[in-house]
1. How far, in nm, would the chain grow between Glu62 and Asp46 when pulled straight, counting 0.36 nm per residue and subtracting the alpha carbon separation?
2. Rounded to the nearest 500, what is the chain's calculated 222 nm mean residue ellipticity when only DSSP H runs of at least 4 contribute -39500 (n - 2.57) each, over all residues?
3. From the convex hull of the Cα coordinates of region 3-56, what is the mean projected area in square nanometres?
4. What's the extension gain from Arg54 to Glu27 if we count 0.36 nm per residue and subtract their Cα-Cα distance?
Amino acid sequence: MTVGTQMSKAIATVQSAAATMKTFALETQDQTAKQTFQQLAQTFDDALATLQGRQKYTEEQEPQYKH
């Protein structure tokens with residue numbers, strides 16, 4: 001498995017996790033849980049931005065990793 005493929009899979013996994021946390025936050029009535037899910041979603045969104053930046057850098061440096 002190439003670095004590009006691994007990066008794409010990691011990005012998809014983090015996107016899924018963020019979406020799940022956002023769904024949980026919308027569905028819960030417990031305000032403490034809602035806040036926790038929102039914070040987790042933000043953490044995943046931040047990680048996603050970092051991963052996407054890294055993916056872009058890798059693609060610029062190593063054209064064979066472009067998909």
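Where a number appears in this text, it was derived from the coordinates with a stated rule and is not lab data. Predicted model only: the values in this text are computed from it and were never measured.
1. Using 0.36 nm per residue and subtracting the Cα-Cα distance, I get 3.4 nm.
2. Value at 222 nm, helices only: -30000 deg cm²/dmol.
3. Its average projected convex-hull area is 3.3 nm².
4. Answer, rounded to one decimal: 6.5 nm.
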